[in-house]
Structure formats: C-alpha cells, structure tokens
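Take a look at the structure below.
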Amino acid sequence: MSQSYFIAGTDTDVGKTTIAAGLLHAARLNGLSTLAAKPVASGCEVTPKGLRNADALALMAESSIQLSYEAVNPIAFEPPIAPHLAAREAGVALSVQALLGPMRDILAHGADFTLIEGAGGWRVPLSDQANLSDLAVALKLPVILVVGVRLGCINHALLTAEAIARDGLQLAGWVANVIDGKTSRLEENLATLAERLPAPCLGRVPRLKVMTAAAVAEHLQLDLLD
C-alpha cells in the first residue's frame with residue numbers, strides 16, 4: 001500500500017530536507033519505490049538549465065522514480081526569502097490551486113513512499129490570503145513534523161501540532177533533529193516532546209559529521225508510521 005505524507009517543520013532551517021532525504025533513503029532500503037516534491041522553493045541558483053533549488057535536488061537524488069526538475073519543483077524563486085515575498089517581487093501570483101495540479105500529478109505516480117515537502121514552518125504564506133499549509137489540507141495528507149531541537153523547540157513543536165490538528169490533518173509522526181547538541185537538558189526536552197506530541201517519534205537524529213541521507217536513515221524508523 002502506498003504511503004504519502006506532507007513534510008513540515010517547526011521553523012525554517014530545522015532540517016526538513018535532511019530528514020526527508022533520510023526517510024526516502026530508509027524507504028528505498030526497505031525495497032520501496034520513492035518520490036518526493038518541493039512545490040515551491042526560494043533561494044534557488046541560476047543555472048544554464050534554469051533556477052535550481054538544493055532541497056529539490058536532494059529530494060530527487062533519493063527518489064527512485066525520476067521526473068523532470070520542473071515536475072518536482074514547479075515554482076522556483078532566486079531570492080532566499082519567504083515565498084509570498086519572492087512571488088510578489090517576481091510578479092507571480094502564487095495560489096494553492098496553481099500547486100494542487102502538479103502535486104496531484106506527483107501523487108498519481110503511486111510510489112510506495114511519497115513526500116511533499118513544505119517551506120519554512122507550517123504557516124508560511126503563499127499569498128495575502130493563503131498559506132502553504134492550505135496545500136497540505138487540499139491534498140488531505142498526513143503530516144510528518146521535523147522538530148529542530150534547540151532552545152524553544154517544545155513551544156514551537158506543540159503549537160505546530162495544534163495548528164495541524166486544527167486544520168483537520170493527522171500528525172503521523174515526528175522526527176527530533178538535534179540542531180544544537182549543547183541544548184540544555186536535552187534528554188528532558190526530548191522526553192517532554194515524546195509525552196506531549198500526539199504521534200510516534202520516528203527517530204532522533206544527532207549532530208552528524210556528514211549529514212548524508214544514508215547516515216540520517218540509520219536513525220529513523222519507518223515502521224512506526226501508520
């Protein structure tokens with residue numbers, strides 16, 4: 001049975017792509033076909049082939065089903081700023097509807113394990129009216145939450161989980177990505193998260209010397225997902 005999830009983070013730069021790539025790698029090790037997409041990305045590099053985003057390329061590298069770059073990342077902006085601001089500067093009208101078709105196409109490929117990765121935190125704006133979370137709602141995808149473990153992470157994680165539930169979506173699991181290994185009372189913080197988040201912890205990823213998808217996958221448990 002195919003599994004599809006929306007990858008969200010408690011904030012920007014919490015390692016969503018790092019964890020997503022690790023999840024995809026773990027799925028491949030289990031013999032599953034994989035596919036992932038980054039519907040909208042800012043902070044892209046100008047290349048002879050067009051704008052390219054490092055996160056989208058990392059997801060493609062761990063996808064066993066290979067599609068065109070444009071299929072994986074249909075909306076790309078060069079400035080490393082919030083998507084709605086980048087769209088405004090580029091004169092592009094961002095909307096859930098514009099992203100819904102391409103993402104449904106991704107899901108229609110029927111990979112055993114599919115991930116749609118968001119940008120920033122749960123309430124990142126797409127436009128004056130819409131948020132990127134509205135795309136997850138429209139797709140009706142369960143959510144995997146990447147918790148960037150550092151000072152303040154409990155508040156960010158619980159508020160994000162509450163927003164996901166309020167939007168009517170299931171929190172399928174969460175991953176503790178230890179951004180700050182010197183976080184005071186690290187074990188106690190992780191225990192509090194495990195007690196209060198209404199979903200299984202799929203893994204605890206420590207600070208690694210080399211954050212490859214293979215190295216991250218060693219710390220993840222896909223069998224805890226429904």
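Built from the Cα atoms of the chain, the convex hull projects on average onto 11.8 nm², one quarter of its surface area. Put a plus charge on the Cβ of each Lys and Arg, a minus charge on the Cβ of each Asp and Glu, and nothing anywhere else: the dipole of the chain about its Cα centre is then about 200 debye. Taking a straight Cα-Cα cut-off under 25 Å and skipping sequence neighbours fewer than 8 places away in the same chain, the lysines within cross-link reach of LYS38 are LYS16, LYS49, LYS140.
Working from Cα pairs under 8 Å separated by at least six residues, relative contact order for the chain is 27 percent. When the Cα positions of GLY168, LEU132, GLY152 are compared along the charge dipole of the range 73-180, GLY168 comes out farthest toward the positive end, with charges on each C-beta of Lys, Arg, Asp and Glu. Note on the chain: GNM, Cα springs under 10 Å; of ILE116, ILE154, ILE65, the largest mean-square fluctuation is that of ILE65.
A quarter of the convex hull surface defined by the alpha-carbon atoms of the range 36-134 gives 6.1 nm² as the mean projection.
Here the Gaussian network model covers the chain, with springs between Cα atoms less than 10 Å apart; of HIS84, HIS156, HIS109, HIS109 fluctuates the most. Placing unit charges on the Cβ atoms of the charged side chains and taking the dipole of the range 24-149 about its Cα centre, the candidate lying farthest along the positive direction among VAL92, THR47, PHE113 is PHE113. With helices as the sole contributors, the chain gives -10500 deg cm²/dmol at 222 nm; each DSSP H run of n ≥ 4 counts as -39500 (n - 2.57), and the sum is divided by every residue. Note on LEU57 and ARG123: the model spin-label points, each 7 Å out from Cα along the C-beta direction, lie 3.4 nm apart. With all protein chains kept in place, the per residue accessible area of the chain amounts to 46 square angstrom at a probe of 1.4 angstrom.
Run the accessible area of the range 1-158 with a 1.4 Å probe and give the carbon-and-sulfur part as a rounded percent. On the range 1-158, the fraction of accessible area on carbon and sulfur atoms equals 54 percent. Residue separation times 0.36 nm, minus the C-alpha to C-alpha distance between ARG88 and ASP223: what's the value? Result for the pair: 44.4 nm of gain on full extension. Placing +1 on the Cβ of every Lys and Arg and -1 on the Cβ of every Asp and Glu, with no other charges, gives the range 1-131 a dipole of roughly 160 debye about its Cα centre. Charged side chains reduced to their Cβ positions (Lys and Arg at +1, Asp and Glu at -1) give the range 147-216 a dipole of some 280 debye around its Cα centre. With the simple spin-label model, which puts each label point 7 Å out from Cα in the Cβ direction, the LEU29 to VAL137 separation comes to 3.7 nm.
For the chain, a Gaussian network of Cα nodes joined below 10 Å ranks VAL175, VAL143, VAL96 by mean-square fluctuation, and the top entry is VAL96. On a C-alpha basis, how far is the centre of the range 16-38 from the centre of the range 172-219 in Å? Whole number, if you could? Cα centres, the range 16-38 to the range 172-219: 17 Å. Loop-located trypsin sites (Lys or Arg not before Pro) in the range 170-226 (DSSP state not H, G, I, E or B) with no more than 14 neighbouring Cβ atoms inside 10 Å: LYS182, ARG185, ARG207, LYS209.
Each label point was placed 7 Å from the Cα along the Cα-to-Cβ direction; for LEU100 and LYS182 their separation is 4.8 nm.
The values are calculated or read from the model by the stated rules, or taken from the named source; none is laboratory data. Remember, predicted model here, so these are calculated numbers, not experimental data. Glycine also receives a Cβ, built like all others from the backbone with ideal geometry; neighbour counts cover every protein chain displayed. Side chains included, ligands, DNA and RNA excluded: accessible areas come from the protein's heavy atoms. Shrake-Rupley method; radii C 1.70, N 1.55, O 1.52, S 1.80 Å.
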